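The values are calculated or read from the model by the stated rules, or taken from the named source; none is laboratory data. Nothing here was measured: the structure is a model prediction, and the numbers come from that model. Here the Cβ is made from the backbone with ideal geometry for all residues, glycine too, and neighbour counts use every protein chain on show. The area values use the complete protein model at the heavy-atom level, side chains included, leaving out ligands, DNA and RNA. Shrake-Rupley method; radii C 1.70, N 1.55, O 1.52, S 1.80 Å.
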Amino acid sequence: MQAIDENLPLPFVKIKQDGTILSFSKTAYEEFNLLRGNLYSLVDGESMAKLQRAIHAEKSAAGVEIHVKSAKSDLSLYEVFISIDENEHANLLFRCKDHDTSILMERLLSLQTRLNDTDFELLEKKEELERALRRLDVLSGPFIPLSEKIGYIPIFGDIVEEKLRVISESCLQNISEGDFETIFVDLTASGSIEEAGIRRLIDFLKTIEIITGEKARLIGVKPNAAEGLSRNGIQDYVLTASSLKKVLWQYFHEH
């Protein structure tokens with residue numbers, strides 16, 4: 001077993017077919033424990049057959065990956081470049097791939113971190129959007145106290161279930177915190193109306209009657225909405241009027 005003086009950047013080992021080490025470079029001496037004198041003693045069992053097949057193929061082989069015991073680790077992954085000389089000795093050049101794997105893992109971890117940060121930012125944006133939409137729904141049906149006894153709720157935009165749910169929660173809280181007797185619900189500025197929205201509206205009006213003891217006054221019901229409202233029996237829970245002016249005149253005339 002002989003050390004060679006060539007300044008090779010990668011570990012180099014020359015062996016016989018049976019694994020006996022004939023010569024090695026300085027980098028190989030620093031990389032592997034070569035005192036046993038046989039390279040095969042350093043090779044992992046599963047990698048042994050792969051290495052021997054490549055050596056006995058009697059031709060050059062590139063990119064054979066094997067696990068070898070190194071000075072730094074019990075087993076490290078190496079890519080081995082093999083050439084067979086005229087004496088049937090194998091010249092092996094080793095390139096450690098653990099470093100490549102580490103770089104890849106670092107890149108993957110960095111990517112995962114960026115993705116996690118992106119997911120968190122998207123979650124924050126989603127929550128911010130949901131808050132904005134909820135705020136918009138609240139503003140689409142504000143509770144306006146006209147006096148200590150009278151409340152006014154104009155509903156803007158389409159009558160859909162989620163919007164009515166948010167409006168109901170906000171307005172019912174205001175109604176229950178006061179001493180209101182009469183509530184005007186104005187649909188003059190509303191758009192299209194869906195079945196689920198009608199059912200939610202009826203639940204809203206029922207609850208108003210329970211809290212105040214009086215039926216709500218429904219204003220501005222459009223012809224395209226009247227059929228759906230009537231079909232769901234809304235007349236049982238409200239008193240209807242065509243305009244705010246008319247219902248206010250009627251209210252003050254009654255009182």
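Observations on the model:
- Ile211 vs. criteria at pLDDT 80 or above, closer than 23 Å to Gly157 by Cβ and under 46 Å from the mean Cα position of the chain (by Cα): no
- Counted residues, segment 73-95 - those being more than 14 Å from Ala57 (Cβ to Cβ) and touching a helix residue (DSSP H, G or I) at 6+ places or on another chain (Cβ under 8 Å): 4
- Within segment 185-198, residues that are assigned to a strand (DSSP E or B) have Cβ atoms under 6 Å from residues that are among the charged types (D, E, K, R) in these pairs: Gly191/Asp158; Ser192/Asp158, counting only partners at least 6 apart in sequence or on another chain.
- Tally, over segment 136-181, of residues that are part of a loop (DSSP other than H, G, I, E, B) and within 20 Å of Gly220 (Cα to Cα): 8
- Screening Ala196 on (1) at pLDDT 75 or above; (2) surrounded by 20 or more Cβ atoms within 10 Å (Cβ to Cβ); (3) among the aliphatic types (A, V, I, L, M) shows it passes everything except condition (2).
Residue by residue, here is whether (1) open to solvent by less than 70 Å² (accessible area, probe 1.4 Å); (2) within 15 Å of Leu244 (Cα to Cα) holds:
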{"position": "Ser170", "(1), (2)": "yes, no"}
{"position": "Glu177", "(1), (2)": "no, no"}
{"position": "Thr207", "(1), (2)": "yes, no"}
{"position": "Gly220", "(1), (2)": "yes, yes"}
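- Total residues in segment 114-141, condition open to solvent by less than 80 Å² (accessible area, probe 1.4 Å) and touching a residue at least 24 places away in the same chain (Cβ under 8 Å): 4
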